[in-house]
Amino acid sequence: MQPTRGFTLQWHITDRCNLHCTHCYRDEKMQDLPFEQLIRIADTLMEGLTVLKVTPCFALSGGEPFLRQDLFDLVHYLHSKGVTQVLLETNGTLITPHVIERLNEFTPPITTIQVSLDGSIPSVNDPIRGEGAFEKAVSGLISVIAGTPLKTTISYTFHAQNKSDIPSIIALGEKLGVDTLYLTRLVPIGKGKAMDAVLTPEETGEVLAYLHQRNQELSRIGTPHIVENRCLFHLTDPEEAVRRYKNREERLGNACAVASSTFTVLADGTAVPCRRLPIPLGSLLEQSFLDIWFKNDVLWDFRRRQPLLKGKCQSCKYLQYNGLCNGGAACIAYAFSNDYNTPDPQCWYNPEDSR
């Protein structure tokens, strides 16, 4: 039987990084694993994903993945095991001519480079990501666009310190010719707890509505595409979101993908539901992927999340569309209340208003 659906495996292959971003999710540093243990993890992941009959996309991240000298050895090994989609998530500052050569050598299975920026100019980006980070990241992105056939994505974490720069980061994406813009909300964990920059529900609604409007405009001219299959986007155009849901088209809005189509591995082999939901599920050096996937209570909570949801979510009319929202971003709820079944604290929809 052929694989029937996609599955994203986010693997933080190193915890080392050459930047010190103010919103970094890391609490404490982990020791990187030797290559032989990465291979052990890769084997249990591939065995399990084969059983699940899914088509995996390995998103190799960090820290900064280009700091691992054996990065491309791991890519080669994954390809030998049948992996045809590898996404590299990088800060872009270490993309040299030699890296460009290696990227071309391993295309496929590498399909996409995602570069993190948090501002469209140095004065916005660098207070968050570090002095000089903007120029190096943009230079690296330009090198990938000019020197490889790879798809490119700008990843942008928005919050109170940079939300006014969102129109400009979209314009920069257009100018550079990137394929995708991935704008995500700040999750206040790790260093991000101290930022005090989380947007209010009303501000969040304004940002997502703007992104939806701009994506409609951009779709008429081509690229870049703004990713909208994310929590709460359905509230920007509910009728359209429900129509797409019923017709099984590309989602406008989406429920959290934990325990359904995503899984995360940290640099020491610890499995977590999502990098922004840092609840240890077990170690892939001690347990198989399938044991964790099928036997962990947290993952089963997410698979039956609807009846477990609390507060206003239980009276929300969108709950009938299973998978369209299901409580919104569990990671943000957990960061605020230590309970992933509480409502997304940035949701601006009030079920009482629709009665």
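The values are calculated or read from the model by the stated rules, or taken from the named source; none is laboratory data. It should be emphasised that the depicted structure is a prediction, and the values quoted were computed from it without experimental measurement. Glycine gets a Cβ as well: all are built from the backbone with ideal geometry, and neighbour counts include every protein chain shown. Ligands, DNA and RNA are stripped out before the accessible areas are found, and what is left, the full protein with its side chains, is counted by its heavy atoms. Shrake-Rupley method; radii C 1.70, N 1.55, O 1.52, S 1.80 Å.
Magnitude of the Cβ-charge dipole of the chain, K/R +1 and D/E -1, about the Cα centre, nearest 20 debye?
Using Cβ point charges on Lys, Arg, Asp and Glu, the chain gives about 880 debye.
Hey, can you rank 131-143, 211-223 by average C-beta count inside 10 Å, highest first?
Working: 131-143: 18.4, 211-223: 13.9.
Averaged packing, sorted descending, gives the order 131-143, 211-223.
Report, to the nearest whole %, how much of the accessible area of the chain belongs to carbon and sulfur atoms, 1.4 Å probe, protein only.
Details: 7710 of 15640 Å².
That share works out to 49 percent.
Compute, for the range 52-172, the length of the dipole vector about the Cα centre, with Cβ point charges of +1 (Lys, Arg) and -1 (Asp, Glu) only. Units Debye, rounded to 20. Let's see the in-between values first.
Working: 8 positive and 11 negative charges, 84 e Å.
Roughly 400 debye for the range 52-172.
Quick check: pseudo-label points 7 Å beyond the Cα along Cα→Cβ at Ala194 and Gln320, how many nm apart are they?
4.8 nm
Can you work out ³J(HN,Hα) from phi for every residue in the range 241-249, in order, using Karplus 6.51 cos²θ - 1.76 cosθ + 1.60 and θ = phi - 60°, giving whole Hz and x for Gly and Pro?
My calculation for the range 241-249 gives 4, 5, 4, 5, 4, 5, 8, 6, 8 Hz in order.
Please state the relative contact order of the range 47-183 as a whole percent: Cα pairs under 8 Å, 6+ residues apart?
Details: 210 pairs, mean separation 28.9, N = 137.
Averaging sequence separation for qualifying contacts and normalising by length gives 21 percent for the range 47-183.
From the residues Gln114, Thr84, Phe134, which one has its Cα farthest along the dipole of the range 64-149 in the positive direction, the dipole being from +1 and -1 charges on Cβ of Lys/Arg and Asp/Glu about the Cα centre?
Checking the options against the dipole of the range 64-149, the answer is Thr84.
For Ile121 and Lys53, what does the FRET efficiency come to when R0 = 41 Å and r is the distance between their Cβ atoms, rounded to the nearest 0.05?
On the way: r = 46 Å, r/R0 = 1.12.
My answer for the efficiency is 0.35.
Hey, can you grab everything whose amide H is under 5 Å from the amide H of Asp15? Only 5+ residues off in sequence or another chain; H modelled, so Pro and N-termini drop out.
Asp32
Just need the relative contact order of the range 90-147 here, percent rounded to a whole number, with Cα pairs under 8 Å and 6+ apart.
On the way: 58 pairs, mean separation 26.7, N = 58.
Averaging sequence separation for qualifying contacts and normalising by length gives 46 percent for the range 90-147.
Given Cα pairs under 8 Å that are at least 6 residues apart, what percent is the relative contact order of the chain? Don't skip to the answer; put the middle values down first.
Values: 663 pairs, mean separation 58.5, N = 355.
For the chain, the relative contact order is 16 percent.
Which residue, Asn125, Leu150, Leu172, has the largest displacement toward the positive end of the dipole of the range 109-212 when charges sit on each Cβ (Lys, Arg +1; Asp, Glu -1)?
Projecting each Cα onto the dipole axis, the largest value belongs to Leu150.
Amide H to amide H, which residues 5 or more places from Val83 or on other chains are under 5 Å from it, using H placed in the peptide plane?
So Val83 has HN proximity to no qualifying residue.
Counting Lys and Arg as +1 and Asp and Glu as -1, each charge on the Cβ, what is the dipole of the range 5-96 about the Cα centre in debye, to the nearest 20?
Details: 8 positive and 11 negative charges, 60 e Å.
Charge dipole of the range 5-96: 280 debye, to the nearest 20.
Take each of the peptides 189-195, 57-63, 11-17, average the number of other beta-carbon atoms within 10 Å over its residues, and list them starting from the highest. Present the calculation step by step, with values, prior to reporting the outcome.
Numbers: 189-195: 16.1, 57-63: 23.3, 11-17: 20.9.
Final packing ranking: 57-63, 11-17, 189-195.
Give, in whole angstrom and from largest to smallest, the semi-axes √(5λ) of the equivalent ellipsoid of the range 32-156, with λ running over the eigenvalues of the Cα gyration tensor. Kindly include the intermediate steps, with their values, before the conclusion.
On the way: eigenvalues 155, 45, 37 Å².
Over the Cα atoms of the range 32-156, the ellipsoid semi-axes are 28, 15, 14 Å.
Keeping every protein chain present and rolling a 1.4 Å probe, give me the accessible area per residue for the range 1-113 in Å².
On the way: 5180 Å² over 113 residues.
In whole numbers, the range 1-113 has 46 Å² accessible per residue.
Would you kindly calculate the translational diffusion coefficient of the chain, applying Stokes-Einstein with the Kirkwood radius from alpha carbon pairs, for 37 °C and a viscosity of 0.692 mPa s, and quote it in µm² s⁻¹ without decimals?
On the way: Rh = 20.9 Å.
So the translational diffusion coefficient is about 157 µm²/s.
Counting other Cβ atoms within 10 Å of each Cβ, which trypsin sites (Lys or Arg not before Pro) in the range 230-304 have at most 16 and sit in a DSSP loop? Provide the component values of the computation, followed by the final result.
Details: sites: Arg230, Arg243, Arg244, Lys246, Arg248, Arg251, Arg275, Arg276, Lys295, Arg303, Arg304; in loops: Arg230, Arg248, Arg251, Arg275, Arg276, Arg304.
In loop regions of the range 230-304 (DSSP not H, G, I, E or B), the sparsely surrounded trypsin sites (Lys or Arg not before Pro) are Arg248, Arg304.
Please name which of Gly328, Trp348, Tyr318 has its Cα lying farthest along the dipole of the range 282-355 towards the positive end, using unit charges on Cβ (Lys, Arg +1; Asp, Glu -1) and the Cα centre as origin.
Farthest along the dipole direction, towards plus: Tyr318.
Would you grab the residues whose amide H sits under 5 Å from the one on Ala59? Only those 5+ places off in sequence or on another chain, please, with H modelled 1.01 Å from N.
Leu9, Gln10, Trp11, Leu87
Could you provide, to the nearest whole Å², the per residue accessible area of the range 290-355 with probe 1.4 Å? Don't jump to the answer; show the numbers that get you there.
On the way: 3280 Å² over 66 residues.
Heavy-atom accessible area per residue stands at 50 Å².
P(r) tail for the range 215-339, what percent of Cα pairs lie past 25 Å?
34 percent
From the phi angles alone, apply the Karplus equation (6.51, -1.76, 1.60; θ = phi - 60°) to the range 73-90 and give each ³J(HN,Hα) in whole Hz, x where the residue is Gly or Pro.
5, 5, 4, 4, 5, 4, 4, 5, 8, x, 6, 10, 10, 10, 10, 9, 9, 9
I'd like the Karplus ³J(HN,Hα) series for the range 337-348: coefficients 6.51, -1.76, 1.60, θ = phi - 60°, whole numbers in Hz, and an x wherever there's a Gly or Pro.
Once rounded to whole Hz, the list reads 10, 6, 9, 6, 9, 7, x, 3, x, 9, 6, 9.
Quick check: Cα centre of the range 91-134 to Cα centre of the range 244-300, how many Å?
26 Å
Determine the percent antiparallel among the DSSP beta bridges restricted to the chain, to the nearest 5.
Working: 5 of 39 bridges.
Bridges in the chain are about 15 percent antiparallel.
With N set to the residue count of the range 111-156, report its C-alpha Rg divided by 2.2 N^0.38 Å to two decimal places. Could the numbers behind the result be given before it?
Values: Rg = 10.8 Å, N = 46, 2.2 N^0.38 = 9.4 Å.
It is 1.14.
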